[in-house]
Amino acid sequence: RYQTGQIQAQLSGYYTMYDNRLATAYDPIQDVTIFRNLGRVDKYGIDGSVAWQPNDDLLLYVFGSYNDSEIKENLLAGTCATNPTNPGPAAYGCTAANAGQDYFFELAGKSESGAPRFMIGGRAQYNFGGFEFGAQVKHTGKRFVNDENLAIVSGSGTQLFPAQVDSYTLVDLDIRYKIAESPTGGDVALQFNVTNLFDELYVAGFGGSLDRTSSPFVQIGPPRAASISLLFGY
């Protein structure tokens with residue numbers, strides 16, 4: 001950490017080794033959380049931020065992070081069937097010729113799904129008289145849809161969706177006006193907020209899935225919205 005009268009900065013990192021790493025995904029149809037065991041997984045990353053306040057009226061803040069993981073082993077998925085007309089998933093090479101042989105989810109060396117590797121953003125805040133103006137931006141990087149880091153395919157091997165969900169950038173604005181002081185000593189203020197200013201269509205979050213033949217449930221991010229609030233400080 002570094003701190004002076006105008007600057008506050010911090011940088012931190014981590015490295016964690018998991019045995020029998022349990023990843024989770026929520027199924028809204030069954031209203032249950034599904035667990036999957038990824039075996040040995042190493043997770044590591046770094047994040048930092050810098051805040052600069054050159055005077056009492058202006059504050060600038062930037063932050064960013066890099067997070068990654070590595071699954072160490074492939075996972076046994078099943079055995080190719082002995083039925084020559086339905087030998088098993090073609091995406092994993094099952095044919096009548098290799099009936100009875102094991103097939104594996106190709107996880108070794110891959111990253112856990114559902115988590116972005118990169119995030120970066122910032123905020124600017126300026127006070128002018130009784131007004132406080134603020135704007136912030138946050139960019140979220142691409143995320144793998146499944147733990148194999150491969151495109152989603154049908155049982156016959158036809159691609160249905162790319163391996164990654166697109167990155168997205170959100171911009172929010174806020175304006176606050178101090179009306180008076182409350183009886184308890186805080187401020188009475190009127191605040192106006194606009195979230196997702198450019199009405200970005202994006203996938204907000206998902207738990208991911210284990211393999212390339214399964215589609216995870218995803219949550220679509222909220223559209224542009226505006227609100228007005230009356231605030232009482234104490």
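Surface exposure of the chain, expressed per residue as accessible area with a 1.4 Å probe, stands at 60 Å².
Go through Gln53, Pro116, Thr79 and say which Cα lies farthest out towards the positive end of the charge dipole of segment 23-152; charges sit on Cβ, +1 for Lys and Arg, -1 for Asp and Glu. Sorting the options by dipole projection puts first Thr79.
Applying 1/(1 + (r/R0)^6) with r as the Cβ-Cβ distance of Phe104 and Phe198 and R0 = 35 angstrom yields a FRET efficiency of 0.20. Using a 1.4 Å probe over the heavy atoms of the protein chains, calculate the carbon and sulfur portion of the accessible area of the chain as a whole percent. Of the solvent-accessible surface of the chain, carbon and sulfur hold 56 percent. The alpha carbon convex hull volume per residue for the chain rounds to 166 Å³. Summary value for the chain: 15 percent relative contact order, contacts being C-alpha pairs under 8 angstrom separated by 6+ residues. With the Kirkwood sum run over all distinct C-alpha pairs, segment 63-141 has a hydrodynamic radius of 17.0 Å. In this view, the solvent-accessible surface of Lys110, computed with a 1.4 Å probe and all protein chains in place, comes to about 50 Å².
Backbone amide hydrogens, once placed in the peptide plane, bring Phe104 within less than 5 Å of Ala77, excluding anything fewer than 5 places away on its chain. Rounded to the nearest 0.05, the FRET efficiency derived from the C-beta distance between Ile120 and Leu190 at R0 = 22 Å is 0.10. Compute the separation of the alpha-carbon centres of segment 149-200 and segment 5-47 and state it in Å as a whole number. That distance is 21 Å.
The values are calculated or read from the model by the stated rules, or taken from the named source; none is laboratory data. Remember, predicted model here, so these are calculated numbers, not experimental data. So basically every Cβ, Gly included, is an ideal-geometry build from the backbone, and we count neighbours across all protein chains shown. Side chains are part of the model used for accessible areas, which takes the heavy atoms of the whole protein and leaves out ligands, DNA and RNA. Shrake-Rupley method; radii C 1.70, N 1.55, O 1.52, S 1.80 Å.
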